[in-house]
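Taking it in order: structure first as structure tokens, then the write-up.
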Amino acid sequence: MANLTPSLQKEILRYFAGLKSDAAKQRNCQKAISVLSGNPGRFLARDWNQS
């Protein structure tokens, strides 16, 4: 996460802080790890790693 801009880091942390159910946290954590690892996908209403 160090290579993300500070504002995007903050947005991701706020997003996770707002999740209520454990299932939603788990689901979204897996998705975040996937896209931040370089896999294509959608997270936070953005397309990630789409070339």
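The numbers here are math on the coordinates, done by the rules we state, and not lab data. For clarity, every value in this text was computed on a predicted model and none was experimentally measured. Don't worry about glycine lacking a Cβ; one is built from the backbone with ideal geometry, like all the others, and counts go over all protein chains shown.
Below are the figures for this structure:
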item	result
Extension gain, residue 8 back to residue 45 (0.36 nm per residue minus Cα-Cα distance, nm)	12.1 nm
Extension gain (nm, one decimal) between residue 36 and residue 21, 0.36 nm per residue minus Cα-Cα	3.2 nm
Point-charge dipole on Cβ atoms (K/R +1, D/E -1) for the chain, about Cα centre, debye to 20	140
Principal axes of the chain: Cα extent on each, largest first, Å	33, 21, 17
